[in-house]
Amino acid sequence: PSCVNMACEVCRFTLTLVRHGETEENRARIIQGQKDVPISPHGQWQAELLGKRLSSELFTHVYSSDLKRAMQTADAIRSKNSFHFDIVKDPDLRERGFGSMEGQHLSVLVSAARSARQPVHSFSPPGGETLDQLAARAWHFFNRLCETIWREQALHLMAASSSTGGQIETGIQQAEAIHTTPPPPLVEGNGDVCSSLHPSPPPSSPSPSKCPPD
């Protein structure tokens, strides 16, 4: 959070972000949003490769979107891991909601955004989430992580997201308001993973909206 430099103490932790394995909808360029679809056989293979890559990582806490594609990916990682861990389902890790566009081909979203004269990445279809709403979800998740870290001394956390192209990860970066050069990597492709070190202020630290300017 942006007031981290004002805190008397800062706890640092590692956050490993994972994007779900490929689905048939990914391959067909269908907008999934919060539709609950499973990973494909290729996505299962990707998830198992992830599990092998992370097999020696000791995670103190593991979170997953409650959508099937993320849970199946997290389960595949758990099956390969040398250390037992429980998976906590968290709807804040879901993909951005695309409302009436869910189940439609990506070209429909592109056409609607152009008709509205808005950038595709920020266009919100009827019933869909805005980027601000998505960022608020990410902030809620990250803030609860900070509380867990200070309460339980968690040091290495994994989050399996069902979001597209780094949306949740971008929201977490915005929540932290940490400016780095270059910025931390995002997990953009199916089966991608990245780990980064994060500072966690004490739970009593103010939220970004209450922080004074630098």
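Residue 21 passes every criterion in (1) part of a loop (DSSP other than H, G, I, E, B); (2) surrounded by fewer than 22 Cβ atoms within 10 Å (Cβ to Cβ) apart from (2).
Each row is one residue, and each column tells you yes or no for (1) of a type outside the set (Ser, Thr, Tyr); (2) farther than 19 Å from residue 16 by Cβ; (3) at pLDDT 95 or above; (4) touching a Ser or Thr at 6+ places or on another chain (Cβ under 9 Å).
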{"residue": "57", "(1), (2), (3), (4)": "yes, no, no, yes"}
{"residue": "64", "(1), (2), (3), (4)": "no, no, no, yes"}
{"residue": "81", "(1), (2), (3), (4)": "yes, no, no, yes"}
{"residue": "85", "(1), (2), (3), (4)": "yes, no, no, yes"}
{"residue": "96", "(1), (2), (3), (4)": "yes, yes, no, yes"}
{"residue": "99", "(1), (2), (3), (4)": "yes, yes, yes, yes"}
{"residue": "109", "(1), (2), (3), (4)": "yes, yes, yes, no"}
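Screening residue 33 with (1) assigned to a helix (DSSP H, G or I); (2) open to solvent by less than 70 Å² (accessible area, probe 1.4 Å); (3) more than 27 Å from residue 82 (Cβ to Cβ) gives one miss only, at (1).
Please give the helices (runs of 4 or more DSSP H) falling wholly within the range 53-163 in which 1 or more residues are farther than 24 Å from residue 41 by Cα, without any contact (Cβ under 8 Å) to a residue 40 or more places away in the chain and touching a His at 6+ places or on another chain (Cβ under 9 Å). Give the steps one after another, and end with the answer.
Details: elements: 68-80, 106-115, 131-152.
Result: 106-115, 131-152.
Looking at the range 92-113, can you tell me whether even one residue there is within 17 Å of the chain's Cα centre (by Cα), surrounded by 14 or more Cβ atoms within 10 Å (Cβ to Cβ) and over 25 Å from residue 139 (Cβ atoms)?
Step one: of the range 92-113, the residues within 17 Å of the chain's Cα centre (by Cα) are 92-98.
If we keep only those that are surrounded by 14 or more Cβ atoms within 10 Å (Cβ to Cβ) as well, we get 92-98.
Subsequent filtering for residues that are over 25 Å from residue 139 (Cβ atoms) retains none.
Within the range 92-113, not a single residue is within 17 Å of the chain's Cα centre (by Cα), surrounded by 14 or more Cβ atoms within 10 Å (Cβ to Cβ) and over 25 Å from residue 139 (Cβ atoms).
The values are calculated or read from the model by the stated rules, or taken from the named source; none is laboratory data. Everything quoted here is computed from the prediction, not taken from an experiment. Ideal geometry is used to build each Cβ from the backbone, glycine not excepted, and the neighbour counts take in all protein chains shown. Each accessible area value is taken on the protein alone, full model and side chains, heavy atoms only, with ligands, DNA and RNA left out. Shrake-Rupley method; radii C 1.70, N 1.55, O 1.52, S 1.80 Å.
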